[in-house]
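The values are calculated or read from the model by the stated rules, or taken from the named source; none is laboratory data. Keep in mind that what you see is a predicted model, and the values were worked out from it rather than measured. Here the Cβ positions follow ideal geometry from the backbone for every residue, glycine too, while neighbour counts run over all protein chains shown. For the accessible areas, the whole protein counts, side chains as well, though only heavy atoms, and no ligand, DNA or RNA atoms are used. Shrake-Rupley method; radii C 1.70, N 1.55, O 1.52, S 1.80 Å.
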Amino acid sequence: MIAYLDGKLAYKDPTYVIIDVSGVGYQVKISLQTYAAIHNTGERCKLHTLMIVREDSHTLFGFSDSAEKELFEDLISVSGIGPSTAIVMLSSLSSGEIKHAIISEDVKTIQSIKGIGLKTAQRAIIELKDKLKKDSLLGGVTPNIFAPANSALRNEALTALVTLGIARAAAEKSIDTILKREGNEISLEQLIKLALR
(Lines give C-alpha, C1' and ligand atoms only; values in the text may rest on other atoms or scores of the structure.)
Protein backbone atom coordinates (compact mmCIF):
# COMPACT_ATOMS: atom_id res chain seq x y z
CA MET A 1 0.00 0.00 0.00
CA ILE A 2 0.96 3.67 -0.21
CA ALA A 3 2.67 4.69 3.07
CA TYR A 4 3.18 8.36 2.17
CA LEU A 5 3.04 10.81 -0.72
CA ASP A 6 5.72 13.43 -1.28
CA GLY A 7 5.09 15.87 -4.10
CA LYS A 8 3.68 19.24 -5.10
CA LEU A 9 0.37 20.36 -3.64
CA ALA A 10 -1.79 20.84 -6.76
CA TYR A 11 -5.11 21.55 -5.02
CA LYS A 12 -6.14 22.22 -1.43
CA ASP A 13 -9.65 22.00 0.02
CA PRO A 14 -10.70 21.63 3.71
CA THR A 15 -11.80 18.02 3.00
CA TYR A 16 -9.25 16.82 0.44
CA VAL A 17 -6.06 17.67 -1.43
CA ILE A 18 -4.54 16.65 -4.74
CA ILE A 19 -0.83 15.94 -4.62
CA ASP A 20 1.15 15.82 -7.86
CA VAL A 21 3.80 13.12 -7.58
CA SER A 22 5.88 12.98 -10.79
CA GLY A 23 2.94 13.97 -12.97
CA VAL A 24 0.35 11.74 -11.26
CA GLY A 25 -2.32 13.51 -9.19
CA TYR A 26 -3.39 11.67 -6.04
CA GLN A 27 -6.68 12.76 -4.45
CA VAL A 28 -6.35 12.38 -0.67
CA LYS A 29 -9.07 12.92 1.97
CA ILE A 30 -7.83 14.95 4.95
CA SER A 31 -8.99 16.29 8.32
CA LEU A 32 -9.07 19.97 9.26
CA GLN A 33 -5.97 19.32 11.43
CA THR A 34 -4.01 18.32 8.33
CA TYR A 35 -5.55 21.13 6.28
CA ALA A 36 -4.25 23.65 8.83
CA ALA A 37 -0.81 22.03 8.89
CA ILE A 38 -0.09 21.91 5.14
CA HIS A 39 1.25 24.80 3.07
CA ASN A 40 -0.06 26.64 0.04
CA THR A 41 -0.81 25.26 -3.40
CA GLY A 42 2.30 24.83 -5.52
CA GLU A 43 4.57 24.03 -2.56
CA ARG A 44 6.09 20.68 -1.62
CA CYS A 45 3.80 18.54 0.52
CA LYS A 46 4.36 15.23 2.31
CA LEU A 47 1.42 13.31 3.78
CA HIS A 48 1.37 10.00 5.63
CA THR A 49 -1.36 7.97 3.97
CA LEU A 50 -3.67 5.04 4.53
CA MET A 51 -5.67 3.44 1.72
CA ILE A 52 -9.07 2.04 2.61
CA VAL A 53 -10.35 -0.46 0.05
CA ARG A 54 -14.08 -1.11 -0.06
CA GLU A 55 -16.26 -2.97 -2.52
CA ASP A 56 -17.25 0.24 -4.27
CA SER A 57 -14.24 2.51 -3.63
CA HIS A 58 -10.52 2.86 -3.01
CA THR A 59 -9.99 5.93 -0.83
CA LEU A 60 -6.69 7.45 0.22
CA PHE A 61 -6.62 9.28 3.57
CA GLY A 62 -3.76 11.66 4.35
CA PHE A 63 -2.28 12.99 7.59
CA SER A 64 0.27 15.70 8.30
CA ASP A 65 2.04 13.52 10.88
CA SER A 66 2.28 9.83 11.77
CA ALA A 67 0.65 10.37 15.20
CA GLU A 68 -2.59 11.57 13.58
CA LYS A 69 -2.48 8.57 11.21
CA GLU A 70 -2.04 6.17 14.15
CA LEU A 71 -4.97 7.74 16.00
CA PHE A 72 -7.09 7.44 12.82
CA GLU A 73 -6.22 3.73 12.63
CA ASP A 74 -7.12 3.31 16.32
CA LEU A 75 -10.45 5.09 15.82
CA ILE A 76 -11.50 3.03 12.79
CA SER A 77 -10.74 -0.16 14.73
CA VAL A 78 -13.72 0.68 16.98
CA SER A 79 -17.00 -0.87 15.87
CA GLY A 80 -19.33 1.90 14.72
CA ILE A 81 -16.56 4.33 13.70
CA GLY A 82 -15.81 4.25 9.99
CA PRO A 83 -13.19 6.26 8.10
CA SER A 84 -15.55 9.18 7.41
CA THR A 85 -16.57 9.42 11.07
CA ALA A 86 -12.91 9.22 12.16
CA ILE A 87 -12.07 12.12 9.82
CA VAL A 88 -14.97 14.13 11.33
CA MET A 89 -13.58 13.36 14.82
CA LEU A 90 -10.08 14.51 13.80
CA SER A 91 -11.61 17.65 12.27
CA SER A 92 -13.73 18.47 15.33
CA LEU A 93 -11.04 18.01 18.00
CA SER A 94 -7.25 17.92 17.97
CA SER A 95 -5.53 14.54 18.33
CA GLY A 96 -4.51 15.53 21.87
CA GLU A 97 -8.08 16.42 22.82
CA ILE A 98 -9.42 13.11 21.46
CA LYS A 99 -6.76 11.09 23.30
CA HIS A 100 -7.34 13.05 26.49
CA ALA A 101 -11.13 12.58 26.27
CA ILE A 102 -10.73 8.83 25.77
CA ILE A 103 -8.13 8.36 28.51
CA SER A 104 -10.09 10.46 31.01
CA GLU A 105 -13.37 8.74 30.01
CA ASP A 106 -14.97 12.03 28.99
CA VAL A 107 -18.03 10.65 27.19
CA LYS A 108 -19.62 14.11 26.75
CA THR A 109 -16.66 15.49 24.78
CA ILE A 110 -16.58 12.49 22.45
CA GLN A 111 -20.36 12.51 22.11
CA SER A 112 -20.26 16.22 21.19
CA ILE A 113 -18.74 15.22 17.83
CA LYS A 114 -21.29 15.05 15.01
CA GLY A 115 -22.23 11.44 14.26
CA ILE A 116 -21.05 10.01 17.59
CA GLY A 117 -23.78 8.69 19.86
CA LEU A 118 -23.57 7.59 23.48
CA LYS A 119 -22.91 3.91 22.72
CA THR A 120 -20.19 4.66 20.16
CA ALA A 121 -18.50 7.11 22.56
CA GLN A 122 -18.56 4.51 25.35
CA ARG A 123 -17.27 1.81 22.98
CA ALA A 124 -14.38 4.07 21.87
CA ILE A 125 -13.42 4.62 25.52
CA ILE A 126 -13.66 0.92 26.43
CA GLU A 127 -11.70 -0.26 23.37
CA LEU A 128 -9.03 2.47 23.21
CA LYS A 129 -8.46 3.78 26.75
CA ASP A 130 -5.80 1.25 27.81
CA LYS A 131 -4.02 1.28 24.44
CA LEU A 132 -3.81 5.09 24.30
CA LYS A 133 -2.70 5.26 27.94
CA LYS A 134 0.06 2.73 27.24
CA ASP A 135 1.12 4.50 24.01
CA SER A 136 1.30 7.87 25.76
CA LEU A 137 3.42 6.40 28.57
CA LEU A 138 5.76 4.56 26.16
CA GLY A 139 6.13 7.66 24.02
CA GLY A 140 6.85 9.77 27.07
CA VAL A 141 3.91 11.97 26.15
CA THR A 142 1.37 12.85 28.77
CA PRO A 143 -2.22 12.75 27.55
CA ASN A 144 -2.43 16.37 28.56
CA ILE A 145 -3.69 18.97 26.10
CA PHE A 146 -2.42 21.90 28.16
CA ALA A 147 0.77 23.89 27.86
CA PRO A 148 3.81 22.87 29.95
CA ALA A 149 3.27 25.94 32.18
CA ASN A 150 -0.15 24.55 33.10
CA SER A 151 1.16 21.01 33.50
CA ALA A 152 2.87 21.56 36.87
CA LEU A 153 -0.13 23.51 38.17
CA ARG A 154 -2.48 20.74 36.98
CA ASN A 155 -0.40 17.99 38.60
CA GLU A 156 -0.15 19.83 41.94
CA ALA A 157 -3.90 20.48 42.01
CA LEU A 158 -4.62 16.86 41.06
CA THR A 159 -2.39 15.54 43.85
CA ALA A 160 -4.08 17.85 46.36
CA LEU A 161 -7.60 16.83 45.29
CA VAL A 162 -6.80 13.10 45.34
CA THR A 163 -5.28 13.55 48.83
CA LEU A 164 -8.53 15.26 49.87
CA GLY A 165 -10.44 12.13 48.84
CA ILE A 166 -11.75 13.18 45.41
CA ALA A 167 -11.78 10.38 42.80
CA ARG A 168 -8.87 10.84 40.37
CA ALA A 169 -11.04 10.76 37.20
CA ALA A 170 -13.50 13.31 38.63
CA ALA A 171 -10.64 15.53 39.81
CA GLU A 172 -8.92 15.43 36.39
CA LYS A 173 -12.14 16.30 34.59
CA SER A 174 -12.88 19.19 36.94
CA ILE A 175 -9.33 20.59 36.76
CA ASP A 176 -9.25 20.36 32.95
CA THR A 177 -12.60 22.15 32.63
CA ILE A 178 -11.41 24.97 34.92
CA LEU A 179 -8.04 25.32 33.14
CA LYS A 180 -9.78 25.50 29.76
CA ARG A 181 -12.03 28.27 31.06
CA GLU A 182 -9.53 30.25 33.18
CA GLY A 183 -6.22 29.72 31.35
CA ASN A 184 -2.76 30.34 32.82
CA GLU A 185 -3.86 33.20 35.10
CA ILE A 186 -5.36 31.00 37.84
CA SER A 187 -3.46 30.28 41.06
CA LEU A 188 -3.14 26.82 42.61
CA GLU A 189 -5.40 27.82 45.52
CA GLN A 190 -8.11 29.18 43.20
CA LEU A 191 -7.91 26.05 41.04
CA ILE A 192 -8.35 23.72 44.03
CA LYS A 193 -11.21 25.83 45.45
CA LEU A 194 -13.06 25.86 42.13
CA ALA A 195 -12.51 22.12 41.65
CA LEU A 196 -13.99 21.41 45.09
CA ARG A 197 -17.27 23.18 44.23
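From ASP106, ASP65, ASP56, ASP74, grab the single residue that is surrounded by fewer than 19 Cβ atoms within 10 Å (Cβ to Cβ), within 14 Å of the chain's Cα centre (by Cα) and of a type in the set (D, E, K, R).
After ruling out the rest, the residue left standing is ASP65.
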* Is it fair to say ARG197 is over 19 Å from ILE76 (Cα atoms), at pLDDT 80 or above and loosely packed, with under 12 Cβ neighbours inside 10 Å? -> no
* Tell me, yes or no, whether the stretch 180-196 has at least one residue that is of a type in the set (Asp, Glu) and in contact (Cβ under 8 Å) with a residue 40 or more places away in the chain. => no
* Structure fact -> In the set LEU153, LEU191, the lone residue that is open to solvent by less than 40 Å² (accessible area, probe 1.4 Å), modelled with pLDDT under 80 and either part of a helix (DSSP H, G or I) or polar (S, T, N, Q) (or both) is LEU153
* When the stretch 167-180 is examined, which residues are found to be open to solvent by 60 Å² or more (accessible area, probe 1.4 Å) and within 13 Å of LEU191 (Cβ to Cβ)? -> THR177, LYS180
* **Any hit, the stretch 115-132, residues being under 25 Å from ILE81 (Cα atoms), among the hydrophobic types (A, V, I, L, M, F, W, C) and either over 18 Å from the mean Cα position of the chain (by Cα) or modelled with pLDDT under 80 (or both)** => yes
* Being among the hydrophobic types (A, V, I, L, M, F, W, C) and open to solvent by 60 Å² or more (accessible area, probe 1.4 Å) narrows it down to one of MET89, MET1, MET51, so name that one. => MET1
* For LYS12, indicate whether it is open to solvent by 50 Å² or more (accessible area, probe 1.4 Å) and modelled with pLDDT of 95 or more. => no
